[in-house]
Amino acid sequence: MNRNFWIIALISFINALSFTILIPVLYQYGRQFQLNDFQTSLLFAIYAISQFFATPIIGKLSDRFGRKPLLILSLAGTVVANLMAGTAASAAVLFFARFLDGITGGNASVAQAVISDVTTPETRAKAFGINGAAFGMGFILGPAISLVAQKAALNTPLGKSFGASFLVSGAIAAIALFLTIFFLPETLKTKAEKAQNIFDLGLEKLITGLLMPKIGILLIINFLTGLTFNIFTFAFQPYFLKVLNQNSDGLALMFLLFGVLAVIMQTAGISQMTKHLQLAQILFLGLFIRSLSFVLMPIWKDIYYFIAVCVLFSLLNSVVQPMISALLSLNARPEEQGTVLGINASYLSISNGFGPVIAGLLVNQEHPESYGYPLYLAGICTFLVLGLAFVKRKDYAVKVVR
């Protein structure tokens, strides 16, 4: 874990903080513009779908021109988009701002490529775990900052608008942009060959990537885990607010709980687990607990029961994405790290688009009990993904020498 790793980990943390500030308020901000549940799901989807097309382009360009310039571009887009969303006067402006953030939002995949550049195969799983913990730290502080921003905005022209969280998010992303410009060196040692055709931007990799040995199956698993997780993510907020009759303050505290437990697991937990289990085995355990938790959550409509299940969920759910990222990185060639991790982030993004829409079609705001249906669906489908991952394990499993 050298100096450059800790710099990118700090940038990842600040970037995650900027992102997680929005999680507790995006659903409620959409409703503030008189959007119904399905329309609000499209607000989630437009960001994710635009990321789907943009992320592989940004990943491939980072292999070609370097990590630093593409990370700067991505973070600058986030700053502008969130400032625009925070001052939006109409739903149309809000939708455009989310599109702009998505189309420039390859910062997570570029940061992962930097991590691949500066770590060894033996330390990569631990490094991705720490990077995941940085995101978890964002979950701890992001919702709390969002809550403070809403309280502070009451005495400003914003009033009760949830746009205050977007403005704070934009300001925090600007800090990550500053650190990237002035403190992060270029980490790419071997640049990919420049394309003969300027329109060769890597979009074809969205298809051909699925055929890459060892990589393709991990992309499929990543897409399916993201799809089921985002079915849950969209339904979680209205379920908590409308079925369990909690308020936005309680919602922010729930996300804070998720963050605290995730950080514990992704720092101390993953380090200990990798001493005794292979990466694929840790992935299986995380998927099993995730599927079980989704099914258990809506069974009993009691807030204390719900929190108990969420504790179980948070501890093991947090290992899934770091394990997939580590397995992808270990199975990819050094000169393809940015491209492969970009494709991976792209498939995760499109799952972020489909998941909320599926959940939005299942729920009916006139019947609050329907908010539990996406949770059951997410649990059943995650168990099926676990089955696929287990059956195909020989295609991607990597034995890390300890």
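So what's the convex hull volume per residue for the Cα atoms of region 325-402, in Å³?
114
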Relative to the Cα centre, what is the charge dipole magnitude of the chain, using +1 at the beta carbon of each Lys and Arg, -1 at the beta carbon of each Asp and Glu, and rounding to the nearest 20 debye?
-> 780
Do you know the relative contact order of the chain, to the nearest whole percent, from alpha carbon pairs under 8 angstrom that are 6+ apart?
-> 29
Measure up Lys191/Lys399; Lys60/Lys394; Lys126/Lys189; Lys68/Lys392 against 25 Å on the Cα-Cα distance and list the ones that go over.
-> Lys191/Lys399; Lys60/Lys394; Lys68/Lys392
Work out the charge dipole of the chain with +1 on the Cβ of Lys and Arg and -1 on the Cβ of Asp and Glu about the Cα centre, then indicate which of Pro143, Phe383, Ser161 is farthest towards its positive end.
-> Phe383
So which residue, out of Met323, Met137, Met273, gets the largest mean-square fluctuation from a GNM of the chain using Cα contacts under 10 Å as springs?
-> Met273
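What shape does the chain take by its C-alpha gyration tensor, where a ≥ b ≥ c are the square roots of the eigenvalues and a/c under 1.5 counts as rounded, a/b above b/c as prolate, and the rest as oblate?
Taking the square roots of the gyration eigenvalues as a ≥ b ≥ c, the chain is oblate.
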Where in region 329-373 are there GluC sites (Glu not before Pro) that are in a DSSP coil and have at most 15 other Cβ atoms within 10 angstrom of their Cβ?
-> Glu366
Once amide hydrogens are built 1.01 Å from N within the peptide plane, the residues lying 5 or more places from Asn364 or on another chain with amide H under 5 Å from its amide H are Ser370, Tyr371
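Against the 2.2 N^0.38 Å scaling, with N counting residues, where does region 51-170 land? I'd like the Cα-based Rg ratio to two decimal places. Before the final figure, lay out each step's value.
Values: Rg = 16.8 Å, N = 120, 2.2 N^0.38 = 13.6 Å.
Dividing the Cα radius of gyration by 2.2 N^0.38 Å gives 1.24.
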How big is D for region 125-179, in µm² s⁻¹ as a whole number, if Stokes-Einstein is applied with the Kirkwood radius of its Cα pairs at 4 °C and 1.567 mPa s?
-> 103
Looking at the square roots a ≥ b ≥ c of the eigenvalues of the Cα gyration tensor of region 1-53, which shape do they give, rounded for a/c under 1.5, prolate if a/b is larger than b/c, or oblate?
-> oblate
Overall Cα dimensions of region 68-118 - principal axes, largest extent first, Å | 44, 12, 12
extent check for region 222-273: Cα max minus min per principal axis, descending, whole Å, gives 39, 27, 11
Region 264-330: relative contact order as a whole-number percent, Cα under 8 Å and 6+ apart | 46
So what is the relative contact order of region 251-391, in percent, for Cα pairs below 8 Å that sit 6 or more residues apart?
-> 34
In square nanometres, what is one fourth of the surface area of the convex hull spanned by the alpha carbons of region 262-387?
-> 9.0
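Heavy atoms only, 1.4 Å probe, whole protein assembly: order Asp395, Asp101 by accessible area, highest first. Mind dumping the intermediate values first?
On the way: Asp395 70, Asp101 10 Å².
My answer, sorted largest first, is Asp395, Asp101.
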Can you tell me the accessible area per residue over the chain, all protein chains present, probe 1.4 angstrom, in square angstrom?
-> 40
Over the heavy atoms of Thr156, what accessible area does a 1.4 Å probe trace out, to the nearest 10 Å²?
-> 60
Quantify, in whole percent, the carbon and sulfur part of the accessible surface of the chain (1.4 Å probe; protein heavy atoms only).
-> 70
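The values are calculated or read from the model by the stated rules, or taken from the named source; none is laboratory data. Please read all numbers here as calculations on a predicted model, not as lab measurements. Note that we place each Cβ from the backbone using ideal geometry, even for glycine, and neighbour counts take in every protein chain shown. Surface accessibility is based on the protein's heavy atoms, side chains included, excluding ligands, DNA and RNA. Shrake-Rupley method; radii C 1.70, N 1.55, O 1.52, S 1.80 Å.
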